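Here's the structure we're looking at; comments come further down.
What follows draws every value from the coordinates through simple rules; no lab data is involved. The structure displayed is predicted, hence computed values, not measured ones. Here the Cβ is made from the backbone with ideal geometry for all residues, glycine too, and neighbour counts use every protein chain on show.
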């Protein structure tokens, strides 16, 4: 009985940590903005504009990922297109020196994975 209770508590704690990591769009945009301010040495005007662009991006990404009517490939393509648009908008705000630094940030950026629903196995689909 103790093992069952401890397992249940462990599961609840794990789920709590999972949901705690998600955060708000504002938090995600603020974190990304802070990183760019440090890497690109943005001035206050640039920081404000970049923050707005990144907040819009995070909200758009959430909409794309939550779209249950789209395939994983369609979501991936939409996310890539969105990222390209954001990169263009941010680049337009930068000086030439900052643009070269931003290109480095872009090349070092990890690819975003699209969360996918589990595909049904052969036994689940009746085959």
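Given contacts defined as C-alpha pairs under 8 Å and at least six residues apart, what's the relative contact order of the stretch 22-108, whole-number percent? Show your work: numbers first, answer last.
Numbers: 44 pairs, mean separation 28.4, N = 87.
For the stretch 22-108, the relative contact order is 33 percent.
What's the exposure ranking of 86, 105, going from fewest to most Cβ atoms within 10 Å? If you can, show how the numbers build up before the last one.
Working: 86 19, 105 15.
Ascending Cβ contact count within 10 Å gives the list 105, 86.
What ranking, highest mean first, results for peptides 55-65, 94-104 when packing means the other Cβ atoms within 10 Å averaged over each residue? Please list the in-between numbers first.
Numbers: 55-65: 16.6, 94-104: 13.7.
With the highest mean Cβ count within 10 Å placed first, the list reads 55-65, 94-104.
Quick check on the exposure proxy: order 76, 91 from fewest to most C-beta atoms within 10 angstrom.
Working: 76 17, 91 13.
Fewest-to-most Cβ neighbours within 10 Å comes out as 91, 76.
Measure of size requested: the Rg and Dmax of the stretch 22-108, with Cα atoms as the atom set and Å as the unit; please supply both.
So, for the stretch 22-108, Rg and Dmax equal 13.6, 42 Å respectively.
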